[in-house]
Amino acid sequence: MSFLHPEILYFLFALMIPVIIHLVSFRRRRTVYFSNNALLKEVYKEKARVKRLRELIILILRMCFIAALVLAFARPRLKNDSDKAISSSDLVAVYVDNSMSMGQENVTTRLVDAARAQAAGIVAEMGRTHRFVLLTNSREVENEHPMSCDEMLLRLDAMKCEGPSGTFAEVMENLGVIKERNGFESAVLFVISDFQKNFLASDVKSDSTISVVPLYVASNTPENVFIDTVFLASPLVISGHANELTVEVVNAAARDLTAFPVEMYIDGEEAALVNVDVARGGKSKVVVPFVINEEGRHEITVSIHDEPVTFDDNYYAVVNVRDKVRVVEIGSDDGGHDLRDVFGDELFDFVSINMRKADYHFIKDFDLAVVSGASPISVSLQNDLMDFVSDGGTLAVNAPSVSDEKIIIDNLKINVSDATYNDTVRLSDVFRSNIFFKDVIIDIPSNVDFPQVYRHRAMTLRESSRANVLLMLQNGRPWLVSAPYNNGNVFVFASSFEAESTDFFDNALCVPVFVRMAAFGGKGTQLAQTIGRDEAVAGFATSVGDGDTLLTAWNDSRVESDMTFLSDADIQDFMKCNGIVSQSVVRDASSAAAMHRESTLWKLFALLAAVFFVAETIFILIPTSASRSQKPYPRR
């Protein structure tokens, strides 16, 4: 048993008062004069042990009266009651999980509708003396201010039934802000969810002023097959040239999938149908080749058919088809190498400019920028080049130095020596396993003539660098590395492009490497976006910006696709490990509300106090055997 006001229990010391009265008699003795002992024969003597028993009963009744009265004011609660009963001064928050997984049907109704009905039941059970807020993944502002019971029920009827995925940590953080903003010292949070594994995936900052009651809405859809993601073999899609879209299919079902069909549509027209085998609990990738002949942005939809979970059966993407790859060479007056022969194919639109004329506004429309000059890159140009890469461009630089190209080096987290090594050394290895060389170098003969390097700088990768080595020297030093940076890629050579530094440009390896750079990176359109809190519908959307009409693709987050649900024990363990004040997991609104409904046990103790008081009064008023009707003394 616990008490809402345990400090009242100190008044149990009042039990000493009747004990003291019992032990110390304050009755004054009175002297009675009589002539002889004959009068004593008319008095019915009360036995001493009966008197003591009567006084003991009165003492016990008085002590029980005081104890019951003190316990009633202390507001007792049983062990299965909440440790902290909610009062009218506390904020009552009801979280209704309206993520995609809650949109599935369970027997006869959707989970989100069942959750909404449970929330309405909790509000009705709590009564009209409380203030409520409604929390959902949609974060509707009009629901997050203290409301009356009637207003809360209206907001429940009007709440959005579909929203993005959310976590318990976000719900607790949001409630903490609402509580502080509205001046509430404490709150109780009813969490109504199917408790997917991802919902409790992150740690929670504990708050002792918030008590949590989990209400489980059970789901009967533990299996699912879904498209996790898609990506292009080459981010640059050239009109009339073949490309490949890789589709990753995840099988979260309990059965193996054989020849599972995957369809691809381009601008609403079916373009390909392929089959994929996926083991249960695993994932597989299937490559879908395609060719688009028209320039501009095109819609791509990849579809599978899987019941009953369907929100993740389609994946939407947008590709920006170009007629040519635009390449700009940024050279200098004191040297460099003309790359016109490398990019002389009709596939490329090649421009060469002087380093002094290069700025972001000029290079921003190109796909690949190659810095081939021997002069140091100015600080302003370095910043312009990194902005170009951030926007999705590809940059290639030759032999940067620590002192001159510090901005580029630090952003890529690589180390480059200022010293130049003049030893003649050949390239020794091509890392064909890297995706950069996919479909470019199939096999290398044993007698291949690798390029020679006459001058180079030593490059090393820092521990936190995301760079990859593409070409290695025989002395074990990297000669060409690639590093992703925001939306683009940077390629760094350890040598300058002059003939005095390397014969790379006279080697057969040069052309495929530079062509792959142009096709590997490039400022293509981002394939897809993940729906956030402001976008509610998966599919394609058109917007206008800077005078251009932009086509974007939106997809639901795949964190909701894993139909793994936590057990009651898992939920309790999570709450305990994160220091959350939580009650046992319940399955219905009545049980949830009862946990925080103020206990009426105090009324029982108040009634007992009244009974003990009446019983004591009766015992005192009942005459003893000595005071009953006395017979008169017989006369002789």
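Before moving on, here are some points about what is shown:
- Of D277, D228, all but one fail to be at negative phi, touching a helix residue (DSSP H, G or I) at 6+ places or on another chain (Cβ under 8 Å) and surrounded by fewer than 19 Cβ atoms within 10 Å (Cβ to Cβ); the exception is D228.
- Test: residue in the stretch 376-387 that is on the phi < 0 side of the Ramachandran plot, open to solvent by 30 Å² or more (accessible area, probe 1.4 Å) and touching a residue at least 40 places away in the same chain (Cβ under 8 Å): no
- Test for S211: is it open to solvent by less than 50 Å² (accessible area, probe 1.4 Å) and touching a Leu at 6+ places or on another chain (Cβ under 9 Å): yes
- E270 being part of a strand (DSSP E or B), under 29 Å from E162 (Cβ atoms) and without any contact (Cβ under 8 Å) to a residue 24 or more places away in the chain: yes
A quick yes/no check of all residues on (1) within 21 Å of the chain's Cα centre (by Cα); (2) of a type in the set (A, V, I, L, M); (3) within 30 Å of F260 (Cβ to Cβ):
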| site | (1), (2), (3) |
| --- | --- |
| K197 | yes, no, yes |
| A201 | yes, yes, yes |
| K205 | yes, no, no |
| I210 | yes, yes, no |
| L215 | yes, yes, no |
| D228 | yes, no, yes |
| L232 | no, yes, yes |
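- Only residues that are open to solvent by less than 10 Å² (accessible area, probe 1.4 Å) and either of a type in the set (V, I, T) or assigned to a helix (DSSP H, G or I) (or both) were counted in the stretch 388-403, giving 4.
- Test: residue in the stretch 300-312 that is open to solvent by 30 Å² or more (accessible area, probe 1.4 Å) and assigned to a strand (DSSP E or B): no
- Only one entry in S561, S590 is surrounded by 12 or more Cβ atoms within 10 Å (Cβ to Cβ), modelled with pLDDT under 85, under 28 Å from A93 (Cα atoms) and within 43 Å of the chain's Cα centre (by Cα), namely S590.
- Being surrounded by 13 or more Cβ atoms within 10 Å (Cβ to Cβ) and not acidic (D, E) is not true of V287.
- Residues in the stretch 565-583 that are closer than 19 Å to S219 by Cα and either in contact with a Pro (Cβ under 6 Å, 6 or more places away or on another chain) or at pLDDT below 85 (or both): I571 only.
- Positions within the stretch 117-171 being in contact with a Lys or Arg (Cβ under 6 Å, 6 or more places away or on another chain) and within 16 Å of V92 (Cα to Cα), in sequence order: L134, N143, P146, C149, L156
- Residue match in the stretch 84-94 (condition: under 30 Å from F311 (Cα atoms) and modelled with pLDDT of 85 or more): yes
- Checking D194, D157 one by one, the residue that is within 24 Å of V537 (Cα to Cα), exposed (fewer than 15 other Cβ atoms within 10 Å of the Cβ) and modelled with pLDDT of 90 or more is D157 and no other.
- When the stretch 483-499 is filtered for residues that are open to solvent by less than 10 Å² (accessible area, probe 1.4 Å) and of a type in the set (S, T, N, Q), only S495 remains.
- Within the stretch 235-264, tally of residues that are among the β-branched types (V, I, T) and open to solvent by 60 Å² or more (accessible area, probe 1.4 Å): 1
- Considering residues of the stretch 611-627 that are of a type in the set (A, V, I, L, M) and open to solvent by 50 Å² or more (accessible area, probe 1.4 Å) only, the residue modelled with the lowest pLDDT: I622
- The stretch 426-479, subset of a type in the set (V, I, T) and open to solvent by 70 Å² or more (accessible area, probe 1.4 Å), residue modelled with the highest pLDDT: T460
- For L134, the stated conditions hold: it is in a strand (DSSP E or B), more than 18 Å from V581 (Cα to Cα) and modelled with pLDDT of 90 or more.
- Of all residues in the stretch 239-260 being free of Cβ contacts under 8 Å to residues at least 40 places away in the same chain and of a type outside the set (A, V, I, L, M), the one that is farthest from K285 (Cα to Cα): R255
- Filter pass, V70 being modelled with pLDDT of 60 or more, over 22 Å from L608 (Cβ atoms) and open to solvent by less than 70 Å² (accessible area, probe 1.4 Å): no
- Residue match in the stretch 12-29 (condition: modelled with pLDDT of 60 or more and in a loop (DSSP other than H, G, I, E, B)): yes
- Note on the stretch 606-622: residues that are in a helix (DSSP H, G or I), without any contact (Cβ under 8 Å) to a residue 24 or more places away in the chain and of a type in the set (A, V, I, L, M) amount to 6.
- Criterion (open to solvent by 10 Å² or more (accessible area, probe 1.4 Å) and over 19 Å from the mean Cα position of the chain (by Cα)) met by exactly one of E170, E140, E144: E144
- Pairs, first farther than 13 Å from T310 by Cα in the stretch 222-234, second surrounded by fewer than 21 Cβ atoms within 10 Å (Cβ to Cβ) and hydroxyl-bearing (S, T, Y), C-beta under 8 Å, six or more apart: P222/T564; V230/T246; F231/T246; L232/T246; A233/T246
- Hits in the stretch 290-299 - residues which are over 25 Å from A538 (Cβ atoms) and surrounded by 13 or more Cβ atoms within 10 Å (Cβ to Cβ): V291, E295
- Filter result (of a type in the set (V, I, T) and open to solvent by less than 60 Å² (accessible area, probe 1.4 Å)) within the stretch 112-137: V112, I122, V123, V133, T136
The values are calculated or read from the model by the stated rules, or taken from the named source; none is laboratory data. These figures come from a predicted structure and were not determined experimentally. Note that we place each Cβ from the backbone using ideal geometry, even for glycine, and neighbour counts take in every protein chain shown. Note: areas computed on protein heavy atoms with side chains; ligands, DNA, RNA excluded. Shrake-Rupley method; radii C 1.70, N 1.55, O 1.52, S 1.80 Å.
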